[in-house]
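The values are calculated or read from the model by the stated rules, or taken from the named source; none is laboratory data. Treat the numbers as computed from the prediction; the structure is a model and nothing was measured. So basically every Cβ, Gly included, is an ideal-geometry build from the backbone, and we count neighbours across all protein chains shown.
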Ligand SMILES: Nc1ncnc2c1ncn2[C@@H]1O[C@H](COP(=O)(O)O)[C@@H](OP(=O)(O)O)[C@H]1O
Ligand SMILES: [Mg+2]
Ligand SMILES: [Mg+2]
Ligand SMILES: [Mg+2]
């Protein structure tokens, strides 16, 4: 970004990759593989086993998290049961347009195919308002809770929905219309949209379209679930995250904040849309 050249590569229609996506993925994958050899890690930007500068490699752990009690159900988990899903830069389209606070870095942890843990790092949080306090890191583990900030409930008596800013379609709009929201917040990134749910700024994240992939939803699903919320496909089914699963989330995304009736929102999705995303 500061070099003035993002190094953009077009991967497909409305699907960019920048040098920041490539570099962040190398940093994360090399760091995790050095600390946990043989860990299965799947990143959005393909294989990244290349050399990286040594000061990119993270060799320490968060002592505050390590000091916590590991939930009983995870004590005997083996490395082979774990798949880590890395989205090194979520919200690339917005990043390329300079909407930096839409960007997050997502690291999701699945055990036997279930999304149970995740980190949502927002590197440019506060960049326009308080640059001295730039960035924040939110993590969640089902059974333990959420760290890095305190979730808040969305306002009662209204429906605020967040959805895509850069990947809309007639079907996406039709689903929103059917839900009759008071407000629609169109922002970039799956991570950013789930942060809006955690912050109490939206009640639901609705994306009635293909396009999101497993690395977009693994960490957000786990962090949201750790806070009492829920992320599923448009039919209300959980995605699975085992190593062999297909990457696209072809049945769309529907997520709700803690305390919001997920099923009642699912039930308002018109049959025509369900069939289109069957
Ligand atoms: N039609 C589409 N084609 C490609 N990627 C899509 C897509 N719809 C959603 N995505 C991906 O899903 C994530 C969230 O999308 P959105 O911001 O539109 O809600 C983004 O991740 P990345 O920015 O990590 O690629 C975006 O690229
Ligand atoms: Mg991408
Ligand atoms: Mg993404
Ligand atoms: Mg990405």
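Observations on the structure shown:
- Some residue of region 125-135 being within 18 Å of residue 71 (Cβ to Cβ) and not in a helix (DSSP H, G or I): no
- Close pairs from region 205-222: first closer than 11 Å to residue 234 by Cβ and more than 10 Å from ligand 1 (Cβ to nearest atom), partner assigned to a strand (DSSP E or B) and modelled with pLDDT of 95 or more, Cβ under 6 Å, at least 6 apart: 206/161; 206/163; 206/254
- Candidate set: region 99-130, residues that are under 13 Å from residue 214 (Cα atoms) and within 13 Å of ligand 4 (Cβ to nearest atom); chosen: the one surrounded by the fewest Cβ atoms within 10 Å (Cβ to Cβ): 107
- The set of residues in region 134-148 that are buried (at least 17 other Cβ atoms within 10 Å of the Cβ) and either over 16 Å from residue 192 (Cβ atoms) or in contact (Cβ under 8 Å) with a residue 40 or more places away in the chain (or both) comprises 138, 139, 140, 141, 142, 144, 146, 147.
- Top-ranked residue of region 260-277 - restricted to ones that are in contact (Cβ under 8 Å) with a residue 40 or more places away in the chain and exposed (fewer than 14 other Cβ atoms within 10 Å of the Cβ), ranked as nearest to residue 193 (Cα to Cα): 268
- Residue list for region 150-170, filter: within 26 Å of residue 95 (Cα to Cα) and surrounded by 16 or more Cβ atoms within 10 Å (Cβ to Cβ): 151, 160, 161, 162, 163, 164, 165, 166, 167
- Any hit, region 105-117, residues being within 16 Å of ligand 3 (Cβ to nearest atom), within 18 Å of residue 139 (Cα to Cα), under 15 Å from the mean Cα position of the chain (by Cα) and assigned to a helix (DSSP H, G or I): no
- Within region 145-182, the set of residues being within 19 Å of the chain's Cα centre (by Cα) and part of a loop (DSSP other than H, G, I, E, B) comprises 148, 149, 150, 151, 152, 164, 165, 166, 167, 168.
- Residue match in region 177-192 (condition: free of Cβ contacts under 8 Å to residues at least 12 places away in the same chain and more than 16 Å from ligand 2 (Cβ to nearest atom)): yes
- Cβ-Cβ contacts under 7 Å between residues 6 or more apart (or on different chains), taken from a first residue in region 30-47 that is within 11 Å of residue 83 (Cα to Cα) to a second residue that is away from ligand 4 (no atom under 16 Å from the Cβ) and in a strand (DSSP E or B), are listed as 39/82; 40/82; 40/83; 42/83.
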